[in-house]
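The values are calculated or read from the model by the stated rules, or taken from the named source; none is laboratory data. Predicted model only: the values in this text are computed from it and were never measured. When we count neighbours, we look across all protein chains shown, and the Cβ atoms used for this are built from the backbone with ideal geometry, even at glycine.
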Amino acid sequence: MFTRIGNLRPTIWTMFLYVLISTSLFSCDSNDDENILEGEYAQGQLVVNEGVFLQNNSSVTHISKNNALTQEVFQTVTGQVLGDNLQSISILGDEAYLMVSNSNKIEVVNRGTFLKSTTITGDFANPRYMADIGNNKAYVTTWGNFDDISEKILVLDTQTEQIITTIENGSGSENIVFDSRTNQAFVANSFGTSISVYNTSTNTLEKTIDFAPNSPGQMVLDKNGNLWVIAQETDFATYTSPTGNLYKINTATNSIETTIPLNAGSENVGGKLTINPNKDILYYNFSSGIYALPINASSQAATPIILNGAYGLSINPKNGDIWVGIANFTTLEGNEVLHYDKNGNLQNTYPTGAAPNQVIFLP
């Protein structure tokens, strides 16, 4: 039985409550869908500034949705120096994991406020990249210290932030891609010529894919579930790599299905590789340009869509815009991120910390 309130009849009052509740529910669902998180740094972009080696000047730049810049976010919020050689940042839920390689630690912060949750250290050195493998676990690649601490993959419990176990891995384990369809993690051994394929259910090595004489760089999964790898042959006497290949790996058989030769001529083949939101166009770099290549191509792209030397190359997964990091390893001047649309038209330029190597796109 309803009680009359003022001149409102029961049916009208009931309809008012229904609309009020429905509006509240709609509002909550919208926030959940957009994964909105409170905090000054919850939206926009984060720039990973690697810093100059041995100078402890790694940093994070935040670019807000209205293009406002905040430099040295970690230092500003925590009052602490971030460390030496910030290699990458991974976002898992509400947390951001900062791989501070040469400081041998992983800083865990709230991705919205950058308030520090914890610092992960232990019997490992030079953490490089992280991949979420599901079930509140992540893999972290490490190099070791080339002395008494060996290279290994850390298996991390992302609820307790504790290292559950470690897995032996190849030399210079760097980039890592997790395929949720097969529960496999692909790890590029950048000091060698192979990719290691791990079963993440058992934490065991399933296969090694060899690319000799080329060393693998970055990797991406395309819309068909194939893994693409960029690899280059490096002359360590001159540290040049004018040739290399793009490889397409069939992840059902873990075998090389397609090889596209890359010849940079008088330039160098870079190790950057990323993909558009539809996962059907690859982007890779030579010394002075960035190229776009459809996944059904049989030869390298003829002309670059962007003319500049990319130290960092990232694609916005929502709109396909291209973000390029330009690095200066001698001074802070000249370090910047360039924002292009998906067709290669320059949209904006942002000053950053030293050696921007990655852009993280927030909701």
- Residues of the range 104-134 that turn out to be of a type in the set (G, A, S) and under 27 Å from G39 (Cα atoms), as a count: 4
- Task: Only residues in the range 294-306 that are under 20 Å from K248 (Cβ atoms) count as the first member; pair them with residues that are assigned to a loop (DSSP other than H, G, I, E, B), Cβ under 7 angstrom, at least 6 apart or cross-chain, and list the lot.
- Result: P294/D280; I295/D222; I295/D280
- Confirm whether L46 is modelled with pLDDT of 95 or more, of a type outside the set (S, T, N, Q) and either surrounded by 11 or more Cβ atoms within 10 Å (Cβ to Cβ) or more than 20 Å from the chain's Cα centre (by Cα) (or both). yes
- Message: Suppose we filter F178, F146, F191 for residues that are aromatic (F, W, Y), surrounded by fewer than 22 Cβ atoms within 10 Å (Cβ to Cβ) and more than 22 Å from the chain's Cα centre (by Cα); which single one remains?
- Response: F146
- Task: For the range 262-270, state whether one or more residues are within 11 Å of W228 (Cβ to Cβ), modelled with pLDDT of 95 or more and not charged (D, E, K, R).
- Result: no
- Has the range 217-224 got any residue that is of a type outside the set (F, W, Y), under 18 Å from A264 (Cβ atoms) and more than 23 Å from the chain's Cα centre (by Cα)? no
- Query: How about the range 328-363: which of its residues are modelled with pLDDT under 95 and farther than 19 Å from P277 by Cα?
  - Reply: N328, F329, T330, T331, L332, E333, G334
- Query: Does the range 157-174 contain any residue that is touching a residue at least 40 places away in the same chain (Cβ under 8 Å), under 22 Å from Q218 (Cα atoms), hydrophobic (A, V, I, L, M, F, W, C) and surrounded by 14 or more Cβ atoms within 10 Å (Cβ to Cβ)?
  - Reply: no
- Note on the structure: Within the range 44-67, the count of residues that are over 17 Å from Q358 (Cα atoms) and either of a type in the set (K, R) or in contact with a strand residue (DSSP E or B) (Cβ under 9 Å, 6 or more places away or on another chain) (or both) comes to 2
- Task: Considering only the range 272-293, state which residues are in contact (Cβ under 8 Å) with a residue 60 or more places away in the chain and hydrophobic (A, V, I, L, M, F, W, C).
- Result: L282
